[in-house]
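Below is one structure, written out as structure tokens, with a few remarks after it.
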Amino acid sequence: MLELQRATHATLQVLASELVTLKLNPSEINVLANLADGRCRTVSELAREVGSRPTTLTSMLDRLEGRGLLGRATRAGDRRVVVIELTDAGLTTARTIRTAFTRLERRALAGLPADQVAALRAGLRALAEVSP
């Protein structure tokens, strides 16, 4: 777990450096990276993907919405459900972030055999599934 923590901090430092012009914090970068596929999500779905509680996510969504990167709407047929959708500017920003993630991943894992990369991904998915 200590290695995972170190890797997380190193990754955040590299991404913060590469994405400094976007003026986003690591949590906002994480939110946008998860939305980069352009698919709408409910707040609960997005919270699970980013590893946050919906109440914590709300302030990040407020900031991103204020910057014109995403919008919130109610789901047709159920006004209690809030759906998150990227704006055109948000999709462009999110794809820039995903590209930076991909470049970093390729650089970091270039020397590993495919079976080790697959095992690493499987281990990371298992850790991501652990929730309180």
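What follows is calculated from the coordinates using simple rules that are stated; it is not laboratory data. All of these numbers come straight from a predicted model, not from anything done at the bench. In this analysis, Cβ positions are derived from the backbone assuming ideal geometry, glycine residues included, and neighbour counts consider all displayed protein chains.
Distant-in-sequence amide contacts of V83, defined by a placed amide H-H separation under 5 Å and a gap of 5 or more residues or a different chain, comprise A73, T74, R75. Residues of segment 1-33 falling in the label zone of V130, defined by backbone nitrogen less than 12 Å from a point 7 Å along Cα to beta-carbon, are 1-5.
Checking [x] 48, 34, 23; [y] 43, 28, 28; [z] 40, 34, 30 against Cα extents along the principal axes in Å calculated from these atoms, the matching label is [x]. Think of segment 2-129 as having a plus end and a minus end, set by charges on the Cβ of Lys, Arg, Asp and Glu; of A108, L24, G123, L24 sits farthest toward the positive end of this dipole.
Per-residue extension of 0.36 nm, minus the Cα-Cα distance of R121 and A76, leaves a gain of 12.6 nm for this segment. For the pair R106 and R39 in one chain, pulling the backbone fully straight at 0.36 nm per residue adds 21.7 nm over the alpha carbon distance.
Stretching the chain fully between A89 and S27 yields a gain of 20.5 nm (0.36 nm per residue, less the alpha carbon separation).
Summing charges over all other residues whose Cβ lies under 15 Å from the Cβ of T102, with Lys and Arg as +1 and Asp and Glu as -1, gives +3.
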